[in-house]
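Right, one structure below, let's go through it.
The values are calculated or read from the model by the stated rules, or taken from the named source; none is laboratory data. Because the structure is predicted, anything quoted here is derived from the model rather than measured. We place every Cβ from the backbone using ideal geometry, glycine too, and count neighbours over all the protein chains shown. Side chains included, ligands, DNA and RNA excluded: accessible areas come from the protein's heavy atoms. Shrake-Rupley method; radii C 1.70, N 1.55, O 1.52, S 1.80 Å.
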Amino acid sequence: MHHFSYGPLTPTAAYLMSFVGSFLGLLCTSRARASTGRSRASWLSLAALAIGGTGIWVMHFIAMLGFSVSGMPIRYNVPITLLSCLTAIVVVAIGLFIIGFGGSGTGVIVTGGVVMGIGVVSMHYSGMAAMNMSGHIGYRPGLVVLSVVIALVAATAALWFCLRVRGLWATAGAALIMGVAVTGMHYTGMAAMRITMHPGMPAPSGATASDFLIPLIGGIAAVSITLLIIIAMAPSEDEIRADARFQERIAARRAEASEPGGASGPRSAGDPFDAR
C-alpha cells in the first residue's frame, strides 16, 4: 500500500482543504454567535457545509487520491461515497446546532463533540467501505481506536473554537489546528488498514478516483467562492452585535414612552450561545 503515491502533493492539498473549510466554517459560526432564530440557523448550516463538506469530506477524498495498492486497481462505489459526504455535513450540523441552541456549558460541548466525532469516524470508514478492489480490507483495532479518540477530541475542540475564538488571526490559527486534527485522524485511520489480495477475484466495478476529480474541483470552487461572497457581504460579528444593541435601545425608548418595562430587545441577555 502507498498512502503518498504523489509525494507530498496530496497530503498538502488535503490539509489545505481542511484549513480552508475550517476557516470558512469558523467565520460563519462567528456570525451565528451574534444572530438569533432563523438567521442563526442559516449561519450554522453554512458552517456545517464548510466544515463537514470541505474541511472533512473533501480533505478525505483528496487524501485518498494519493492512496494506491501495487498491481491492484481501485474503484469507488458512487452512492456510498456520496453518502459519506452527506454524513459529514449532517453530523457537523447536529453538533453545531447542539451548541448553537443548547448552550455553551462543558456538558453541551462534550455532547456535541461526541456526536460530531462519531459522525466523522462514520464518514471516514464508510468512505473506506466505498472502495472496491480484488482483495479483502481489514483493520488493526488499536489504530482504529486511536483514530476514534482523535476524532472525538478534534470535534470537541472544534466546537469549543466555534464558541470562543474571535478575530481574524485567532480564527486562522484555530483553523490551522483543526486542519492538523482532521488530517491526523484520516491518516491514522488509513494506517490501520490492511489488505489481503485475492488475485482470482473479478475486476472491481465503480468509478475511479480521477472520475471524481473534475466534479470535486468544481464543487470546491463553487462552495468556497459562494461562502466567501456571503461572508464578505454580511456584517461582521461586532457589527451585528452593535446593531442589536442599537435596536435594544430603540425598543427601550419606545417602551418607556408607552408602557414602561414592557419591551425586550431582539437578543436575550441570557443567550447561551453568546460567549461574550
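Here are a few things to note about the model shown:
- Against the chain, whose longest principal axis is taken from its Cα atoms, helix 237-258 shows a tilt of about 30°.
- Subtracting the Cα-Cα distance of ARG245 and VAL180 from 0.36 nm times their residue separation leaves 19.6 nm of extension gain.
- The chain, dipole about Cα centre (Lys/Arg Cβ +1, Asp/Glu Cβ -1), debye to the nearest 20: 180
- Rounded to the nearest 10 degrees, the angle from helix 168-191 to the longest Cα principal axis of the chain is 30 degrees.
- Computed with a 1.4 Å probe over protein heavy atoms only, the accessible surface of region 8-245 comes to 42 Å² per residue.
- FRET efficiency estimate (nearest 0.05) - Cβ-Cβ, HIS2 to ALA222, R0 35 angstrom: 0.70
- Nonlocal amide H pairs with TYR139, under 5 Å, H built at 1.01 Å: ARG194
- If R0 is taken as 35 Å, the Cβ-Cβ distance between ARG140 and SER210 corresponds to a FRET efficiency of 0.75.
- Based on Cα contacts under 8 Å between residues 6+ apart, region 49-102 shows a relative contact order of 64 percent.
- Förster radius 35 Å - calculated FRET efficiency between TRP169 and VAL114, Cβ distance, rounded to 0.05: 0.75
- Secondary-structure-derived ellipticity at 222 nm for the chain, considering helices only, amounts to -23500 deg cm²/dmol, per-run term -39500 (n - 2.57) for DSSP H runs with n ≥ 4.
- The relative contact order of the chain, computed from alpha carbon pairs under 8 Å that lie at least 6 residues apart in sequence, is 26 percent.
- Fraction of accessible area attributable to carbon and sulfur, region 8-245 (%, probe 1.4 Å): 75
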